[in-house]
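To keep things clear, I will list the structure first and then write my remarks on it.
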Amino acid sequence: PISSILLKAQVIASKLGNDDFAAWIKNEQCGYPNAENLPEYRIVPASVKADVSIPFCGLYQGISIPVDAIGNDVVVDCMSHVRVVQSLVELEMLCDNSGKGSMIIQLPSFAYSQIAGVVTGNVERAYQESSSSSIRNVVNVFKSKLLEFFLQLNQELDMGLDFSTIESAQKISQMMNNTYNINAAIANIGDGTVNAPNVTNIIGDNNMVSASSVSELKNILREIKSLLDTQN
C-alpha cells in the first residue's frame, strides 16, 4: 500500500531537513489544505453531468453537459478538471473500492447558471465525474516523481549505485531504528516537478560527503527504490 511508501518518505524527509520536500510528503500523506498550488498531476480531467427537469416531461438524470459550449475559457477549464486534494491513502482506497467506477464531485452553485445556458429545462443538480483510472494515476505519478527524486539524488552524490542489482528492501522497522546524520537542502518541489540542486555544494563538512554518510544514504535509497519497484 502507498502508506508504506509514505512512511519511508517521511523518514527521509526528516533526515534531509528540506522544508519543501517535507511539505510535499506531508501534503501527500495527509491531504492538501486547499486546491491552491496543487501539483500538476493532481489536476485530472473530468466530465460534467447534470440532473435536468423539464416541465411536463420529467426529470432526466446524469445528462452529459457539453462544457465547451459555455464559451468562457476559465469556466470551461474549471469545470472540466477536478483538483484532487485528498491524501494518497484515501485515493488508493477509493480506487480499490470503486472498481471501474468514478469519483463524483458536486459543482458549486455558480455552475448551475452556466449549465442552464446550454440545456433545456431546470438544472436540479450538477456534478463532475472523474474515472477511477484517472484518480489511480495520481498515486502512480507520485511514485514516479519520488523515484525520480532519489535517482537524481544518487546521480548528484555520484555514488554509482546499480539499481538493477539492488536486493529486496529491509523491514521498515529496521529503517525506523537507524539514525542517519545527513543535513541537506535537496529539492524544490514547487508545482510537482522534483529537481535536485548541486548536492555536493551543500552536504557535509567542507563540502565533502563522508564515507559513513554515503553508506547510510545508499541504504536509504535501496529501501525506497526496492519498495517502489515492488509496488509497481
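The values are calculated or read from the model by the stated rules, or taken from the named source; none is laboratory data. Please read these numbers as outputs of a predicted model, since none were measured by experiment. Heavy atoms of the whole protein, side chains included, go into the accessibility calculation; ligands, DNA and RNA do not. Shrake-Rupley method; radii C 1.70, N 1.55, O 1.52, S 1.80 Å.
The table for this structure:
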| read-out | value |
| --- | --- |
| Accessible area, probe 1.4 Å, largest first, for residues LYS145, LYS15 | LYS15, LYS145 |
| Segment 96-151, accessible surface, carbon-and-sulfur percent (1.4 angstrom probe) | 47 percent |
| Solvent accessible area, Å² - SER133, 1.4 Å probe, full protein context | 80 Å² |
| VAL82 long-range amide H proximity, modeled H, under 5 Å | VAL44, ALA46 |
